[in-house]
Amino acid sequence: MTETVENIKPMLAELLYESRQAEGLSLEAAAEKLNLPVEQLTKFESQSLVLSELTTFERGYLRNYASLLNVDLDGYHGEFPDGKHVATNLQPIQRFSYKSTKPIMSRGWVKWMFLIVIFAIIVWLVSTIGIDFTQPDSGKMIEQATEMSLPTPGS
């Protein structure tokens, strides 16, 4: 059986390589079509390919690669481990947690600063225009506000 396995492995790798060459595909083009890294396809075409050591995902990648190249894998299914004995080592993944920040205007101190700045601008505008709120006559205030003259050019 070992002799058969040793003869099949190079044959599959060579068959994949020759089929890719016959299709006129580079490793990069085939990898792009399958959305796989070039290194993965290089592994499938290497003489050191051990079918029994492929992970579940790698076997699926190999099937997709063979399908792309119109290579029939039926003769090689005996070399794949059966599904009962295949297991992958599950590794815990780290979930990335991003600290969510509140929008800037939802913070209390920003609201107060915004109100203080608006109030300061209003006070500055009123003092610049020269409106006197101590005068009881509102008509006079309006008259003062409309009597403002713009500076003439050159002065």
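Bear in mind these aren't lab numbers, they're just calculated from the coordinates by the rules spelled out. Predicted model only: the values in this text are computed from it and were never measured. For neighbour counting, all protein chains shown are included, and Cβ atoms are generated from backbone atoms with ideal geometry for every residue, glycine included.
General remarks:
- Among Val126, Val71, sorting on how many other beta-carbon atoms sit within 10 Å of each Cβ, with the fewest leading, yields Val126, Val71.
- Calculated from backbone phi, Karplus (6.51, -1.76, 1.60) coupling profile of the range 25-39 in Hz, x at Gly/Pro: 9, 7, 4, 5, 5, 5, 5, 5, 5, 8, 6, 10, x, 4, 4
- Neighbour-count ranking [beta-carbon atoms within 10 angstrom, fewest first] of Thr42, Thr128: Thr128, Thr42
- Length gained when the stretch Val38-Ser52 is fully extended (0.36 nm per residue, less Cα-Cα span): 2.9 nm
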